[in-house]
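J.: What follows is a structure written as structure tokens; I'll ask about it next.
The values are calculated or read from the model by the stated rules, or taken from the named source; none is laboratory data. Note that the structure is predicted; figures quoted are calculated from it, not measured. Heads up, the Cβs are rebuilt from the backbone with ideal geometry, glycines too, and the neighbour counts pull from every protein chain shown. Areas reflect the complete protein model, heavy atoms only, side chains present, ligands, DNA and RNA absent. Shrake-Rupley method; radii C 1.70, N 1.55, O 1.52, S 1.80 Å.
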Amino acid sequence: MWWDERVSARFRRNLQPTLTYWSVFFSFGLCIAFLGPTLLDLRCQTQSSLSQITWVFFSQQFCLLLGSCLGGIFKRTLSQSLFALFASSLAISLVFAIIPLCHNVVVLAVVMAVAGLAMGCIDTISNMQLVKIYQKDSAIFLQALHFFVGFGALLSPLIADPFLSDTNCILSNSTANASSNLPHIRKSLVPHHPGNLSHYDLPMKGMVVTRVSYAFWIMALINLPVPIAVFFLLYKERMVPCFNGSSHPLLSADELAMEARPVDKDELCTPAQRPHTAGGHDDLFSCCQSQNFRGASYTYFAVHITGALVLFMTDGIVGEYSGFVYSYAVEEPLSVVHKVAGYLPSLFWGFITLGRLVSIPVSYRMKPATMVFINVVGVLITFLLLLIFSSSVVFLFVGTASLGLFLSSTFPSMLAYTEDILQYKGCATTVLVTGAGIGEMVLQLLVGSIIHDQGSYSFLVCGMIFGCLAFTFYALLVFFHRMYPKPSPELDDASPDKAAVTGDTGQYQR
């Protein structure tokens, strides 16, 4: 095997929980990508306007952000975390099943808000639990985790595609020539930005002939094994209520470590005898409590902030590029044919998924800090070349693929790098997930407004500016990393964040 026996043994002993977290992230990906392609059919189902239906996008994204902030609440015990994941993954299946029954746009927005909350909890908890299990070896497993979200995001549009309407899905006497433009309208819709599509006359009243309900029911069935897998993990750990199992604290780093070694006397000291460290992985609001800041250096805050800002920019680039590359391509000077330009978002997400797959073995040989450096530099160079060859259709496709590859592993690599710096203390996971979510939502809205005012060329200029900012924040993060206090040799030999234990079994504990 391309990884060593120590990591392989750790993976085998934590096989069921690791596969469970990966499957839950597949559920996250399945839910995150279906809304764009199906939005026009949902408009017909709810008989709403384009501007009204795009608010469904906003409700999902806003509640995803809120769920990411609150996800750390469930970190205190493994049972809380698993019950939250079970409820969230089950909620996603129920959302898929309920969407075809939503014939009012407000009801649909509420249902998608519930899905957003569930997705946010999954995002924070799954990342956090893998970091807790694997710690210094978490980078490779985080890369695999984010491959599964990419796989789910690729699969759901493929499932929906056969059931999307080729013509106007509301039959009425006022049906205009918009039917021939449905693929163009579908690709141009982004969160709360109908843009210049208001001139298309799409009827709001009449007979609804959409078949998109079948796609949602298929996705509900595909997702159903995920909550079942979480339930089996709960059952294995005797946390199902009928077993009267008590809630046990999550594993300390020692209990998670796989190497059998004698216990040092430092490990047997009481919590009161250990050096004080800033608070653990909590929800965003608990992280901001003053008692977590006592004794923390300014670099502690700087690492959190700069790490979150890097992901604010890079995830924001993912959101704005996937949302507007089609609109940029069909405008002058490129004027790409609608059908050809429609492949660009799929190409972008396909190479993101491919990059995450390739990053799984690469992350074992390369440090997370190096991977993030390559990513942000690659994004900068790609945007620079896109600007230079802005009139080349061929290079637009090449640049889109390149950008997907460089952005693919940024989030898991940055998460692993930041957690390593903070020695698995603080609130890195929650803060980084929240920063990435805010960036994806805010920058997409910002770029949409700029393109509307300044023209399509500003799309690439914005990407270049965001890439420069991401590199700047990464350079600051490296600087604060060098300034951050190093752990003592005793804490460096063992995993950080110790708890008193009498042995090291290497098993997944409650």
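J.: Relative contact order of region 296-486, please, whole-number percent, based on alpha carbon pairs below 8 angstrom and at least 6 residues apart.
T.: On the way: 236 pairs, mean separation 84.7, N = 191.
Computed over region 296-486, the figure is 44 percent.
J.: Now for a separate question. Under 8 Å for C-alpha pairs, at least 6 residues apart: give me the relative contact order for region 1-123, rounded to a whole percent.
T.: 38
J.: Could you report region 296-486's accessible area per residue, 1.4 Å probe, as an integer in Å²?
T.: Here the residues of region 296-486 average 38 Å² of exposed surface.
J.: OK, next. Taking a label point 7 Å from the Cα of residue 452 along the Cα→Cβ vector, which residues of region 321-355 have an amide N closer than 15 Å to it?
T.: 324
J.: So for the pair residue 367, residue 385, with labels modelled 7 Å out along Cα→Cβ, what separation do we get in nm?
T.: 2.7
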